[in-house]
Amino acid sequence: MKKETLLIALGGNALIRKGQEGTVEEQFENLKLPIRQIARLSEKYKIIITHGNGPQVGNLLLQQECCNAVPKLPLEILVAQTQGQIGYMIESTLDSEFMELGITQYFITLITYVVVDEHDPGFRNPSKPIGPVYTEEESKTVPYPTRKTAKGFRRVVVSPEPVTVIEKNEIRKLIDSDFLVICCGGGGIPVIREGRSFHGVDAVIDKDLVSAKLAEEVGVDIFIIATDVPGAILGYGTSEEKLLRSLTVDEAALYLKQGHFPPGSMGPKIEAARRFILNCGKRAVITSVDAIEDAVSGNAGTEFVRQC
Ligand code: ADP
Ligand code: MG
């Protein structure tokens with residue numbers, strides 16, 4: 001029987017958990033839980049892993065700004081760096097888990113760039129939180145825009161919509177050849193077309209939105225968005241929180257409009273899952289990194305109800 005294709009989008013914030021400093025040791029430790037589940041799932045499904053880079057790319061940007069001894073690197077290059085660093089951490093964790101489980105599985109990390117539109121309104125309004133969390137007082141002293149998020153105050157950068165994933169054909173070929181593919185890291189390196197060539201721009205694309213685009217372009221069956229909360233919650237941060245176990249695309253659009261799911265965090269996850277289902281994907285689930293397998297079997301998270 002033909003294996004279904006499962007796309008798992010891992011949150012950059014799930015690699016560095018709330019309250020952690022974000023050391024490499026912490027990130028390797030945090031990866032074990034989702035990666036062990038993904039290793040087991042690879043026996044039943046073809047797998048694509050995408051991942052975020054919010055905390056990591058923000059930290060790299062701060063490192064640039066702290067050092068005057070060498071030339072500073074632009075954000076597009078830092079996004080590329082996070083594809084390498086997180087791709088390496090995912091690969092080496094996968095390697096250990098496959099070894100321990102006695103599974104033979106090829107895998108590969110692909111540098112991915114993603115076309116954006118230079119006229120995208122997202123270039124005018126920084127919305128994507130990156131780097132460390134600040135107190136309100138600290139946020140007033142830093143020399144860049146910040147915004148209040150559910151986690152605290154964070155630096156924000158511009159975040160245009162993904163138009164197309166350049167390496168979509170290569171990714172499909174790798175999947176068809178039974179590779180587990182790690183790609184679109186940090187939302188992909190944002191590039192704009194200039195005639196027949198591309199050049200990078202300083203922005204960070206949301207990894208959930210690019211995952212939905214990739215899913216559409218390569219034909220994914222099941223889309224799992226794994227983050228640091230159990231799913232989409234109504235009344236998030238209040239005493240009346242309610243975890244939504246299922247959501248239709250119309251309900252999702254309504255709750256988005258009502259402001260239950262803010263931009264730059266839960267908003268793009270809801271929108272990504274909604275787009276995936278509208279494009280006739282079979283199942284989309286937003287879940288916690290601890291419950292990826294349960295979400296695949298229908299026992300955890302917020303499931304988007306199929307309407308095609
Ligand atoms: P990731 O790195 O996984 O993409 P994000 O920080 O972008 O993580 O998005 C997940 C965060 O969204 C949660 O940690 C939570 O603080 C925030 N959030 C905001 N609104 C909601 C909501 N309504 N339901 C659940 N989580 C929410
Ligand atoms: Mg996010």
Query raised in the report: Which members of the range 10-30 meet the condition of being farther than 16 Å from Gly186 by Cα, within 14 Å of ligand 1 (Cβ to nearest atom) and assigned to a helix (DSSP H, G or I)?
Result: Asn30
Report summary line: Output for Cβ contacts, cut-off 6 Å, separation at least six or different chains, first residue closer than 19 Å to Glu21 by Cβ in the range 55-73, second modelled with pLDDT under 90 and part of a loop (DSSP other than H, G, I, E, B), reads Pro55/Ile16; Pro55/Gly22
**Report entry** Odd one out for Arg193, checked against (1) charged (D, E, K, R); (2) away from ligand 1 (no atom under 11 Å from the Cβ); (3) in a helix (DSSP H, G or I)
**Finding:** (3)
Report task. Test Gly219 against the stated conditions and say whether it is at pLDDT below 95 and either more than 16 Å from ligand 1 (Cβ to nearest atom) or of a type in the set (Phe, Trp, Tyr) (or both). Result -> no
Report summary line: Flagged in the range 225-255 as more than 16 Å from ligand 2 (Cβ to nearest atom) and of a type in the set (Phe, Trp, Tyr), in numbering order, are Tyr255
**Report entry** the range 1-23, residues that are more than 16 Å from ligand 2 (Cβ to nearest atom) and in contact (Cβ under 8 Å) with a residue 40 or more places away in the chain
**Finding:** Lys3, Glu4, Thr5, Leu6
Query raised in the report: Just one of the numbered conditions (1) surrounded by 14 or more Cβ atoms within 10 Å (Cβ to Cβ); (2) outside any strand (DSSP E or B) is not true of Arg147; which one?
Result: (2)
Query raised in the report: Quick one: Ala295 ticks every box in (1) free of Cβ contacts under 8 Å to residues at least 40 places away in the same chain; (2) in contact with a Gly (Cβ under 7 Å, 6 or more places away or on another chain); (3) within 30 Å of Asn169 (Cβ to Cβ) bar one, so which box is it?
Result: (1)
Requested in this report: Would you point out which residue out of Gly231, Gly298, Gly237, Gly267 is under 25 Å from Val133 (Cβ atoms) and more than 20 Å from the chain's Cα centre (by Cα)?
Outcome: Gly237
Query raised in the report: Given Gly259, Gly231, Gly281, which one is of a type outside the set (A, V, I, L, M, F, W, C), within 13 Å of ligand 1 (Cβ to nearest atom) and either touching a residue at least 60 places away in the same chain (Cβ under 8 Å) or part of a helix (DSSP H, G or I) (or both)?
Result: Gly231
Report task. Could you check, for the range 29-38, whether at least one of its residues is surrounded by fewer than 14 Cβ atoms within 10 Å (Cβ to Cβ) and free of Cβ contacts under 8 Å to residues at least 60 places away in the same chain? Result -> no
Query raised in the report: All but one of (1) assigned to a helix (DSSP H, G or I); (2) within 17 Å of the chain's Cα centre (by Cα); (3) more than 18 Å from Ser211 (Cα to Cα) hold for Val79; which doesn't?
Result: (3)
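The values are calculated or read from the model by the stated rules, or taken from the named source; none is laboratory data. Just so you know, these numbers come straight off a predicted model, no measurement behind them. Here Cβ is always computed from backbone atoms with ideal geometry, including for glycine, and neighbour counts include all displayed protein chains.
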